[in-house]
Amino acid sequence: MAPKVLVTRILPPQTQAHLLEQDFDLFQWQQDCCIPRDVLLEKIKGVDALFCLLTEKIDNELLDAAGPQLRVIATMSVGYDHIDVNAVKSRNIALGYTPDVLTDATADLTVLLALGASRRIKESIRAAENGQWGKWAPTWLCGSQFTNKTLGIVGLGRIGEAVGERLKAFNVGRIIYSGRTEKPSAQAKLNAEFVSFGTLLQESDVIVVCCALTKDTENLFNYEAFSKMKKSVVFINSARGGIVHQDDLVRALDENLIGAVGLDVTTPEPLPPTHKLYTFPNCVILPHVGSATYETRENMAGMTLQNILAGLDNRSLPYSI
Ligand code: GLV
Ligand code: GLV
């Protein structure tokens with residue numbers, strides 16, 4: 001009998017075609033929005049494999065709804081804070097994700113946000129579009145540049161290292177990083193220094209958040225952390241919204257404690273258009289598009305399908321958590 005497979009979105013074209021060639025009893029959510037929770041809970045009943053995105057919460061309720069034949073879950077994401085990993089593993093369900101392939105795309109976007117925030121891209125675009133170009137003057141729309149500045153990377157994993165490599169090319173003067181552990185090889189490549197979180201907050205001109213969301217990093221950036229930063233700091237988060245205490249970020253912006261902000265992630269996602277964060281001219285917000293290149297999304301989908309196929313064959317997953 002063909003295995004029952006649930007796929008929660010339409011996939012990039014090559015992988016979508018590959019998916020449709022499989023001998024699956026397939027249910028695929030076809031609409032241009034996330035699968036509603038009640039539909040997911042209904043459709044997961046009796047499936048052998050689940051292909052999901054980071055928009056689906058994978059918890060005991062869902063696993064109970066699925067039933068005992070579920071043997072593989074593969075998420076088309078590198079982050080897996082939407083998954084209760086222990087709950088999945090304790091049921092002997094194989095679990096896959098998509099490491100490495102999105103490192104370049106996400107690092108590129110992080111640099112774009114850092115440059116955009118520090119060079120006041122949001123105000124500049126608005127000024128051009130709103131007929132204010134005539135205000136041009138020597139200090140009009142001036143921001144700050146990275147030359148000789150201190151870059152602070154929170155979490156020197158694959159993405160953090162790739163961001164460091166890119167920003168080196170902008171002639172930053174010094175790279176410091178904090179995190180759970182020292183990363184000797186990335187540190188040597190970047191000529192970076194491992195420092196305490198407090199030191200990183202105080203000494204960085206540009207702070208990029210590249211760590212995973214865990215119990216330890218949840219709300220790591222709270223009011224106290226923002227208070228320690230330089231008033232001119234450029235603060236970038238392309239990792240997960242939950243690492244930032246968002247109300248404290250709003251307060252820090254209100255009180256001019258920080259210079260400029262770039263976010264690709266927020267709490268919640270989507271961030272409602274009426275949210276106060278959008279009102280700050282020095283806060284650039286993107287709708288979680290770090291990995292959004294055709295190349296990367298096709299690779300991520302392809303890896304997720306490979307994980308599903310391996311799991312259904314009872315082979316170990318090529319990209320397993
Ligand atoms: C993107 O945020 C991912 O985790 O893939
Ligand atoms: C994620 O891929 C990381 O390790 O930074």
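Key figures for this structure:
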item	result
Sequence-distant lysines (8 or more away, or on other chains) whose Cα lies within less than 19 Å of LYS135	LYS122
Dimensions in Å of the range 24-182 - Rg and Dmax from alpha carbons	22.4, 68
Taking the convex hull of Cα positions in the chain, its mean projected area over all directions (nm²)	18.0 nm²
Local electrostatic count, VAL88, Cβ distance below 14 Å [Lys/Arg +1, Asp/Glu -1]	-2
Alpha-carbon centroid distance for the pair the range 209-230 / the range 275-321, whole angstrom	23 Å
10 Å binning of all Cα-Cα separations within the range 103-285, expressed as whole percents from 0 upward	10, 39, 36, 13, 2, 0
Percentage relative contact order, the range 103-285, counting C-alpha pairs under 8 Å, at least six apart	22 percent
DSSP-defined beta bridges in the chain - what % are antiparallel, rounded to 5	5 percent
Protection proxy ranking, peptides 24-37, 148-161, average beta carbon neighbours within 10 Å, highest first	148-161, 24-37
Environment charge of ASP205, counting only residues whose C-beta is closer than 13 Å and scoring Lys/Arg +1, Asp/Glu -1	+3
Contact order normalised by residue count of the chain, Cα under 8 Å, 6+ apart, percent	19 percent
Peptides 105-114, 268-277, 291-300, 211-220 ordered by average Cβ neighbours within 10 Å, highest first	105-114, 291-300, 211-220, 268-277
Dipole magnitude (debye, nearest 20) for the chain, charges at Cβ of Lys, Arg, Asp, Glu	800 debye
Helix-only mean residue ellipticity at 222 nm for the chain, each DSSP H run of n ≥ 4 adding -39500 (n - 2.57), per residue, nearest 500	-10000 deg cm²/dmol
Viscosity 1.567 mPa s, temperature 4 °C, Stokes-Einstein D of the range 244-321 from Kirkwood C-alpha radius, µm²/s	84 µm²/s
Principal axes of the range 195-296: Cα extent on each, largest first, Å	38, 30, 24
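Each value in this text was obtained by applying a stated rule to the coordinates, not by laboratory testing. In this text, all values refer to a predicted model and were calculated from it rather than measured experimentally. All Cβ positions, even for glycine, are placed from backbone atoms using ideal geometry, and neighbour counts span all protein chains on display.
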